[in-house]
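These notes concern the structure reproduced below.
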Amino acid sequence: MRSALALFAKNGIHDTTVEDITEAADVGKGTFYEHFPSKTAIIQHLLHGGFEALLRQCRSEVGLAETTRDGVKRLLRAQLHFFDERGDLLSLFHQVRGLLKLRPGEANILQKEYKRYLRFLAKELGALLEGKRYSEADLTQVACAMAGYVTGYLSYRVITGVNENTTRDLRLASQIFLDSVQIGRASCRERV
């Protein structure tokens, strides 16, 4: 699994073959197929494990929150820090999103991991933002916005080669997102 993840991050999902993985891991193809029936299966396994690690980190951070704003901030920053530290998983998650469009037949297996991530974020945001005031659809939209903000922000940092002081960068990025959540809450109150 370590060899596959490293190769996917370095060469990409499309350009990495089962042969590349077995060669890097110094195992035979038969050994690979004893554990994973296909390349998609190892991708799904890595995706699942990556999301599990991310959700654990988020739960841990949100559990330390003292206020609503602090909880949302911790949820956002936990994701930013996780992906900033785990560029290999950021790359994998980004590539799999593209794979979902290119190979719709494999979408169900892989898409369920993204849906689980969004359900987790929506649930956490609902608890933090007094979810009784927001519909499940609204919380899912905020979860999508948060997930898109996190992965989009870090993806563009990677694409453009911007690697400044991460702590300062994340503080500013977090503040901008948190301010937009506050604006959205005020707007909802005005409509009510």
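The values are calculated or read from the model by the stated rules, or taken from the named source; none is laboratory data. These numbers were taken from a predicted model, which means no experiment stands behind them. Please note: Cβ atoms are built from the backbone with ideal geometry, for glycine as well, and neighbour counts cover all protein chains shown. Ligands, DNA and RNA are excluded from the accessible area calculation, which covers all protein heavy atoms including side chains. Shrake-Rupley method; radii C 1.70, N 1.55, O 1.52, S 1.80 Å.
Dipole of the chain computed with +1 at Lys/Arg Cβ and -1 at Asp/Glu Cβ about the Cα centre; of Ser180, Gln79, Tyr33, farthest Cα towards the positive end is Ser180. Element breakdown for the chain at a 1.4 angstrom probe: carbon and sulfur atoms account for 53% of the accessible area. Bridging of Lys101 to lysines at a Cα separation below 22 Å is possible for Lys10, Lys39, Lys112, Lys115, once same-chain residues fewer than 8 apart are set aside. Calculated mean residue ellipticity, 222 nm, the chain: -27500 deg cm²/dmol, from DSSP H runs (n ≥ 4) at -39500 (n - 2.57) each, averaged per residue and rounded to 500. With contacts taken as Cα pairs under 8 Å and at least 6 residues apart, the chain reaches a relative contact order of 21 percent.
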